[in-house]
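Engineer: Got a structure here, written out as structure tokens. Questions coming.
What follows draws every value from the coordinates through simple rules; no lab data is involved. As the structure is a prediction and not an experimental result, all values here were calculated from the model. For neighbour counting, all protein chains shown are included, and Cβ atoms are generated from backbone atoms with ideal geometry for every residue, glycine included.
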Amino acid sequence: MKAVLASHNKHKIAELQRLLSVYIPGIEILSLADVGLEGEIVEDGKTFGENALIKANFAARSGLIGIGDDSGLCVYALDGAPGVYSARYAGENANDKANNEKLLEALKGEPNREAKFVCTVACVFPDGSDPIVVEGETEGEILCVPRGESGFGYDPLFWFDFDGKTFAEMSEDEKNAVSHRGKAIKKLAAALAQRLGNENNSTENK
Ligand code: IMP
């Protein structure tokens with residue numbers, strides 16, 4: 001069983017491979033480069049779900065199962081911003097530092113610092129059957145000053161009260177256990193295992 005993740009990021013491929021293998025032994029996750037899919041994916045969806053499906057459909061051009069994910073930070077006092085624009089909040093080629101600075105500026109004097117990370121993962125099948133779309137969310141608060149050196153993006157500002165740490169103060173395993181992405185991938189794994197299991201059963205029963 002092979003599936004293509006709409007990414008060139010080796011770290012993301014390895015992470016998905018590791019988490020999906022627990023539920024679907026023998027599954028092989030390939031990158032876009034592995035299947036010769038070139039070109040930029042235009043992520044112009046208005047929601048995480050739309051973007052995840054755009055990416056999954058792109059990966060499914062390979063003829064294999066296509067998987068796409070989209071994630072970001074939603075801050076309640078900012079009406080859900082930066083949301084789907086999380087990567088380019090401070091401008092088209094903005095880096096993490098600029099995005100974090102813009103977020104702190106936008107929340108200056110704001111008492112409500114509640115926020116959530118959201119990750120949506122979509123899985124598209126070559127036979128055109130209904131896609132699987134799952135979502136993971138993790139609630140937290142935006143600090144006034146960054147803390148921690150690990151992770152990426154908004155991790156140093158995202159305070160996860162339950163562990164009493166920011167995401168940037170957690171190990172990779174600690175973060176995976178509670179993160180939006182970890183939750184979404186576990187949901188995908190369970191749904192995909194069930195779909196593939198049912199498929200096998202229905203073929204065996206014929
Ligand atoms: P992507 O869809 O996973 O590429 O995430 C888009 C953007 O959302 C990233 O560039 C980050 O700015 C932000 N983001 C998503 N997930 C995380 C996370 O786990 N930690 C910090 N920032 C994140």
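Engineer: Quick one: 3J(HN,Hα) in Hz for segment 109-124, Karplus 6.51/-1.76/1.60 with θ = phi - 60°, rounded, Gly and Pro as x.
Structural biologist: So the J values, rounded to whole Hz, are x, 8, x, 7, 10, 6, 8, 9, 8, 10, 9, 10, 10, 10, 10, 10.
Engineer: Over the chain, with a Gaussian network built from C-alpha contacts below 10 Å, which listed residue (Glu110, Glu135, Glu43) shows the highest mean-square fluctuation?
Structural biologist: Largest GNM mean-square fluctuation: Glu110.
Engineer: For segment 106-206, what is Rg from Cα atoms divided by 2.2 N^0.38 Å, rounded to two decimals?
Structural biologist: Ratio of Cα Rg to 2.2 N^0.38 Å: 1.44.
Engineer: Follow-up question, since we're still on this one. Contour minus end-to-end for Ala33 and Asn93, with contour as 0.36 nm per residue of separation and end-to-end as the Cα-Cα distance? Can you show the working numbers first?
Structural biologist: Values: separation 60, 0.36 × 60 = 21.60 nm, distance 2.30 nm.
Gain in length upon complete extension: 19.3 nm.
Engineer: On to the next question. If you take the charge dipole of segment 2-204 about its Cα centre, with +1 on Lys and Arg Cβ and -1 on Asp and Glu Cβ, which of Gly136, Ala60, Val42 is farthest toward its positive end?
Structural biologist: Final value for the positive-end residue is Ala60.
Engineer: How about Lys165: which lysines have a C-alpha closer than 20 Å to its C-alpha, ignoring those fewer than 8 places off in the same chain?
Structural biologist: Lys97, Lys116, Lys175, Lys183
Engineer: Could you give the alpha-carbon Rg of segment 50-96 over 2.2 N^0.38 Å, rounded to two decimals?
Structural biologist: That ratio works out to 1.44.
Engineer: Now a separate question. For a protection proxy built on the mean count of beta-carbon atoms within 10 angstrom, sort 17-28, 165-176 highest first, please.
Structural biologist: Result, highest mean Cβ count within 10 Å first: 165-176, 17-28.
Engineer: For the chain, return all DSSP H helices satisfying: extent of Cα atoms along own axis at least 24 Å; mean Kyte-Doolittle hydropathy at least -1.0.
Structural biologist: 180-204
Engineer: Any chance you could check the Cα centroid distance between segment 1-75 and segment 140-200 for me, in angstrom?
Structural biologist: Centre-to-centre (Cα) distance: 17 Å.
Engineer: If every alpha-carbon in the chain counts as one equal scatterer, what log10 I(q)/I(0) does Debye give at q = 0.12, 0.13, 0.15 1/Å?
Structural biologist: Computed log10 I(q)/I(0) values: -0.64, -0.74, -0.95.
Engineer: Can you run the Rg to Rh ratio on segment 1-112? Use alpha carbon positions and the Kirkwood inverse-distance Rh.
Structural biologist: Details: Rg = 16.7 Å, Rh = 15.7 Å.
Taking Rh as the inverse mean 1/r over Cα pairs, Rg/Rh reads 1.07.
Engineer: Using the alpha carbon gyration tensor of segment 96-153, what are the three equivalent-ellipsoid semi-axes (square root of 5 times each eigenvalue), largest first, in whole Å? Mind dumping the intermediate values first?
Structural biologist: Working: eigenvalues 227, 36, 21 Å².
In descending order, the three semi-axes are 34, 13, 10 Å.
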